[in-house]
1. Among the residues of region 33-59 satisfying the criterion of being of a type in the set (A, V, I, L, M, F, W, C) and in a strand (DSSP E or B), which is farthest from Val117 (Cα to Cα)?
2. Name the pairs whose Cβ atoms lie under 8 Å apart, with the first residue in region 93-121 and without any contact (Cβ under 8 Å) to a residue 60 or more places away in the chain, the second part of a loop (DSSP other than H, G, I, E, B), and 6 or more positions between them or separate chains?
3. Output the residue which, of all residues in region 70-93 that are over 14 Å from His31 (Cβ atoms) and surrounded by 14 or more Cβ atoms within 10 Å (Cβ to Cβ), is farthest from the chain's Cα centre (by Cα).
4. Got a sec? Which of Leu105, Leu114 is surrounded by 14 or more Cβ atoms within 10 Å (Cβ to Cβ), under 9 Å from the mean Cα position of the chain (by Cα) and within 18 Å of Ser25 (Cβ to Cβ)?
5. Hey, among Val21, Val7, which residue is modelled with pLDDT under 95, part of a helix (DSSP H, G or I) and more than 11 Å from the chain's Cα centre (by Cα)?
6. So the check is Cβ under 6 Å with 6+ separation or different chains; which pairs have a first residue in region 60-81 that's in a helix (DSSP H, G or I) and a second one that's surrounded by 12 or more Cβ atoms within 10 Å (Cβ to Cβ)?
7. Residues in region 17-56 that are in contact (Cβ under 8 Å) with a residue 40 or more places away in the chain and in contact with a Ser or Thr (Cβ under 8 Å, 6 or more places away or on another chain): how many?
8. So if I check each of Gly84, Gly56, Gly90, which one is touching a strand residue (DSSP E or B) at 6+ places or on another chain (Cβ under 6 Å) and at pLDDT below 95?
Amino acid sequence: MLLGVIVSANQCNKNKTQALVKELSETVWMHSREEDKADVQVYRAKDSYDFPPSRGREGFQLMPEGKFIRMGPGANDAPQRQEGSWQVEGEQIKVKMPSGESYALEVVEQQENLLKVKVIQ
């Protein structure tokens with residue numbers, strides 16, 4: 001009986017995370033590092049916030065069917081995009097980049113144009 005409750009709770013959490021991912025998908029989320037607190041990173045929807053001047057900002061976008069796009073400054077601060085993949089595992093969004101880099105995003109708070117996450121290496 002206990003195993004059934006645990007499996008049911010895990011499935012509920014996974015479904016909740018998948019629903020959240022659907023809400024987050026296709027929005028370009030830019031890192032508002034000025035608002036970070038301890039181990040929580042703050043992201044804002046790109047077109048909804050007047051970011052202060054910065055020498056390049058990092059961001060990401062979750063695309064349908066598991067495509068992950070990471071944005072950030074490249075050579076000479078020119079914008080650069082890298083494509084990777086994402087998938088939901090439990091309550092986390094697991095990200096894998098072609099370079100072999102992988103990490104997880106754990107959503108701490110989400111509002112319409114605001115996203116707070118913990119990045120787990």
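1. Result: Ala45.
2. From region 93-121, the pairs are Tyr103/Gln121; Glu106/Glu91.
3. Among those residues, the one meeting the criterion is Gln82.
4. Leu105
5. Val7
6. Listed by first residue and then by second, the contacts come to Gly66/Ser85; Gly66/Trp86; Gly66/Gln87; Asp77/Gly56.
7. Total meeting the criteria: 5.
8. On inspection, the qualifying residue turns out to be Gly56.
The values are calculated or read from the model by the stated rules, or taken from the named source; none is laboratory data. Fair warning: this is a prediction, and the values are worked out from it, not measured in the lab. Quick reminder, even Gly has a Cβ in these numbers, built from the backbone with ideal geometry, and neighbours come from all protein chains shown.
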